[in-house]
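Enquirer: Below: one structure in structure tokens.
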Amino acid sequence: MSRWLSSLQPWGAFLMRLVLGVAMLFHGWQKVLPARGLHSHDLLSSLHHYCGYIASLGLPYWLGYVSALTEFLGGILLILGLFTRFAAFMVAGNMLVALFYVNLHAGYSGSEYTLALIALAVMLLFYGAGAAAMDRKLRLS
């Protein structure tokens, strides 16, 4: 039984990679694309608004761009399983900043989702992409 479960580890990593990728893409999508869709007059309005929020936390304005693009592009990379360890590293760093600057004041109950995302990202950083990944097809891992 133990060998059979061990043989399924790449598929477990695949599932974790998809869950983290979809979560990041969903959150990044809201920050990168305008609320009114592509018919908006200012296509970067959501991104500028998010950067202003990041600056209000006492962080540099430009980190808003890094954060939003890490979530959006990192989510896409994770879903595809492309440059998985790099994307997981960036997501883990992004979520650590979110944990300390946004969630920590709410205690554990306000931080558990962020902690779960950090745990998924760290697992992918250490383990790799798992099954059905572009990294394996391109021999990057």
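Enquirer: Given the structure, is Phe26 open to solvent by 90 Å² or more (accessible area, probe 1.4 Å) and either of a type in the set (D, E, K, R) or within 19 Å of Tyr127 (Cα to Cα) (or both)?
Expert: The answer is no for Phe26.
Enquirer: Identify all residues within the range 78-99 that are in a helix (DSSP H, G or I) and open to solvent by less than 40 Å² (accessible area, probe 1.4 Å); write none if there are none.
Expert: Hits for the range 78-99 are Leu78, Thr84, Ala87, Ala88, Val91, Ala92, Gly93, Asn94, Met95, Ala98, Leu99.
Enquirer: Given the criterion small (Gly, Ala, Ser), buried (at least 16 other Cβ atoms within 10 Å of the Cβ) and at pLDDT below 95, identify the matching residue among Gly110, Gly130, Gly58.
Expert: Exactly one of Gly110, Gly130, Gly58 is small (Gly, Ala, Ser), buried (at least 16 other Cβ atoms within 10 Å of the Cβ) and at pLDDT below 95, namely Gly130.
Enquirer: Go through the range 1-22 and give me each residue that's small (Gly, Ala, Ser) and surrounded by 19 or more Cβ atoms within 10 Å (Cβ to Cβ).
Expert: Matches in the range 1-22: Ala13, Gly21.
Enquirer: Of the residues that make up the range 74-86, is at least one under 26 Å from Gly12 (Cα atoms) and free of Cβ contacts under 8 Å to residues at least 40 places away in the same chain?
Expert: yes
The values are calculated or read from the model by the stated rules, or taken from the named source; none is laboratory data. Keep in mind that this is a model prediction, so the values were computed, not measured. Here the Cβ is made from the backbone with ideal geometry for all residues, glycine too, and neighbour counts use every protein chain on show. Side chains included, ligands, DNA and RNA excluded: accessible areas come from the protein's heavy atoms. Shrake-Rupley method; radii C 1.70, N 1.55, O 1.52, S 1.80 Å.
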